[in-house]
Amino acid sequence: MTATETLPAVPVAEPIPADLRVAVLGVGLMGADHVARLHRRISGARVAVVSDAAADRAGQVAAEVPGCRVVPDPLAAIADPEVDAVVLASPGRFHEEQVLACIERGIPVLCEKPLTMEAGSSLGIVRAEDAYTARTGRRLVQVGFMRRFDPEYAQLRELIASGAIGEPLVVHCAHRNPAVPPGVTTESIVQDSVVHEVDVARFLLGEEIAAVTVLRPRSTRHAGEGLSDPLLVLLETTGGRMVDVECFVSTGLAYEVRTEVVGEDGSAMIGLGQGVVRQSAGPAGAVRSTVIAPGFRERFALAYDLELRRWVDAARRGTVDGPGAWDGYAAQAVCAAGVEALRTGRRTEVRLESREATQS
Ligand SMILES: NC(=O)c1ccc[n+]([C@@H]2O[C@H](COP(=O)([O-])OP(=O)(O)OC[C@H]3O[C@@H](n4cnc5c(N)ncnc54)[C@H](O)[C@@H]3O)[C@@H](O)[C@H]2O)c1
Ligand SMILES: O[C@H]1[C@H](O)[C@@H](O)[C@H](O)[C@@H](O)[C@H]1O
């Protein structure tokens with residue numbers, strides 16, 4: 001089992017559709033952005049259907065895209081014969097049923113994170129997709145871990161792989177949001193926000209996470225009632241490397257996502273708006289200031305574009321070219337341990353099935 005599985009290219013069994021007809025389910029903040037991207041910036045696909053629990057919202061978004069229909073029932077949208085592929089940006093609690101319906105119909109799905117709300121249901125998706133793959137040779141599920149498509153993260157991974165900073169030992173992460181919507185809980189900070197660092201750690205280091213510890217520093221006065229914010233999360237990998245994450249979701253400032261990898265022979269950092277910054281001796285006392293993005297839509301705009309473009313291209317070839325169901329499951333298993341660690345205050349081991357066992 002590897003943390004970043006390379007999915008096999010599979011032969012194209014059916015003709016490639018001239019334009020992939022996409023249904024976008026859930027057209028709130030992320031879904032509406034995905035519709036706009038597919039409509040304006042991504043070739044080879046068109047938004048044929050949108051579906052949302054809020055009918056007026058679906059109507060407004062569909063009105064922006066010529067030829068786009070509203071299908072109010074999300075499962076009917078997935079079953080629609082004029083839909084070739086699905087983007088899921090509905091709330092996480094609906095992902096399990098909707099992803100399983102896509103697998104059942106044998107159509108590609110890009111599912112926003114989290115894959116599902118619990119590790120067990122994510123594992124169910126891994127198994128359902130494996131069964132489909134055993135019959136057809138095709139993969140269907142991609143999970144919206146868009147940071148993997150961000151040029152800075154991609155370069156950082158290449159730098160590590162090149163050996164330029166030696167064996168990576170420790171990773172320091174900061175994940176700061178200016179604010180979060182009402183209803184966010186301390187557990188959901190782990191499941192909804194820290195989940196990105198969990199995937200980044202697996203992506204950069206190529207190892208699974210073995211154990212999680214969560215500490216609660218003094219909370220900001222801006223935190224909502226009962227919310228522990230910030231959190232400090234320590235992830236230990238199977239190879240003995242450690243990743244610390246400061247996750248602070250109500251800073252009141254801007255969107256800051258930084259990752260620094262410390263290796264045996266040097267260190268490198270991203271998230272400063274300057275590409276990959278390697279440590280070097282510079283002029284003493286030099287102070288450089290950078291502008292930080294107001295939110296994730298701005299910081300990761302290019303990553304979302306590349307994510308969708310690669311998904312469309314791969315779906316038209318009958319394959320998946322990005323984080324898959326296993327990555328979604330592995331991240332959920334770590335978050336489940338994180339939520340337990342939060343509750344008990346103790347270091348908690350991650351319970352992860354072996355990849356080989358799930359395939360047998
Ligand atoms: N990758 C990222 O950086 C990123 C950023 C934000 C959100 N997300 C993820 O995207 C998803 C959506 O988040 P959002 O911020 O856009 O939320 P949102 O609340 O803005 O939008 C969700 C939409 O789904 C609709 N909806 C409710 N029930 C539905 C159902 N059963 N089927 C279809 N639609 C339904 C709601 O009416 C709403 O319009 C979540 O999974 C979230 O974690 C990812
Ligand atoms: O749902 C959002 C989204 O995933 C963002 O990328 C992340 O920065 C936020 O913390 C989270 O709440």
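Running a GNM on the chain with Cα contacts under 10 Å, which residue among GLN142, GLN191, GLN274 ends up with the highest mean-square fluctuation? In this elastic network of the chain, the residue with the biggest mean-square fluctuation among GLN142, GLN191, GLN274 is GLN274.
Residues whose amide H comes within less than 5 Å of that of VAL86, counting only those at least five positions distant or on another chain, are ALA23, VAL109, LEU110 (H built at 1.01 Å from N in the peptide plane). For the options PRO217, PRO323, PRO182, a Gaussian network treatment of the chain with springs between C-alpha atoms closer than 10 Å singles out PRO182 as fluctuating the most.
Ratio of Rg to Rh for the range 31-171, alpha carbon only, Kirkwood?
Details: Rg = 17.7 Å, Rh = 16.9 Å.
Radius of gyration relative to Kirkwood radius: 1.04.
Where q = 0.12, 0.19, 0.27 Å⁻¹, what log10 of I(q)/I(0) comes from the Debye formula for the range 103-164, counting one point per Cα? Treating every Cα as an identical point scatterer, log10 I(q)/I(0) equals -0.44, -0.80, -1.05. Computed from the C-alpha gyration tensor, the three semi-axes of the ellipsoid equivalent to the range 287-353 are 30, 25, 8 Å, from longest to shortest.
Computed from the alpha carbon positions, the gyration tensor of the range 151-299 leads to an equivalent ellipsoid with semi-axes of 26, 20, 13 Å, biggest first. What FRET efficiency comes out for GLU82 versus LEU29 if R0 is 22 angstrom and r is the Cβ-Cβ distance? Round to the nearest 0.05. Efficiency for this residue pair is about 0.25.
Coupling constants for the range 163-180 follow from the phi torsions by the Karplus curve (6.51 cos²θ - 1.76 cosθ + 1.60, θ = phi - 60°), and in residue order they are x, 4, 10, x, 4, x, 10, 9, 10, 10, 10, 10, 9, 10, 10, x, 6, 10 Hz; glycine and proline get x.
When DSSP beta bridges are restricted to pairs lying wholly in the chain, around 55% turn out antiparallel.
Counted as membrane-span-like here are DSSP H helices of the chain whose alpha-carbon atoms extend 20 Å or more along the helix's own axis and whose Kyte-Doolittle mean is 1.0 or above; there are none.
Please give the per residue volume of the convex hull enclosing the alpha carbon atoms of the range 88-236, rounded to a whole number of Å³.
Working: hull volume 21.8 nm³, N = 149.
Considering the Cα atoms of the range 88-236, their hull volume per residue is 146 Å³.
Taking one quarter of the surface of the convex hull spanned by the alpha-carbon atoms of the range 18-62 gives a direction-averaged projected area of 2.7 nm². The simple Förster model, with R0 at 41 Å and r as the Cβ-Cβ distance, assigns GLN274 and THR185 a FRET efficiency of 0.75.
The GNM of the chain, with springs linking C-alpha atoms under 10 angstrom apart, assigns the highest mean-square fluctuation among VAL312, VAL50, VAL184 to VAL184. Under the criterion of Cα pairs below 8 Å and six or more residues apart, the relative contact order for the range 151-299 equals 32 percent. A cut-off of 5 Å between modelled amide H atoms, ignoring neighbours fewer than 5 places along the same chain, links SER267 with GLN279.
In the chain, helices alone account for a calculated mean residue ellipticity at 222 nm of -10500 deg cm²/dmol, with every DSSP H run of four or more residues adding -39,500 (n - 2.57). Taking H placed 1.01 Å from N in the peptide plane, check which residues at least 5 places from ARG69 or on another chain put their amide H under 5 Å from its amide H. Answer set, sorted by chain and number: VAL49, VAL50.
If the viscosity is 1.306 mPa s and the temperature 10 °C, what translational diffusion coefficient in µm²/s does Stokes-Einstein give for the chain when Rh comes from Kirkwood over Cα pairs?
My calculation gives 75 µm²/s for D.
Please get the size of the charge dipole for the chain, origin at its Cα centre, with Cβ charges of +1 on Lys and Arg and -1 on Asp and Glu, quoted in debye to the nearest 20.
On the way: 37 positive and 47 negative charges, 105 e Å.
Using only the charged Cβ atoms, the result is roughly 500 debye.
Bear in mind that the values in this text are calculations on the coordinates, not laboratory data. The shown structure was predicted, so the numbers you read here are calculated from the model rather than taken from an experiment. We place every Cβ from the backbone using ideal geometry, glycine too, and count neighbours over all the protein chains shown.
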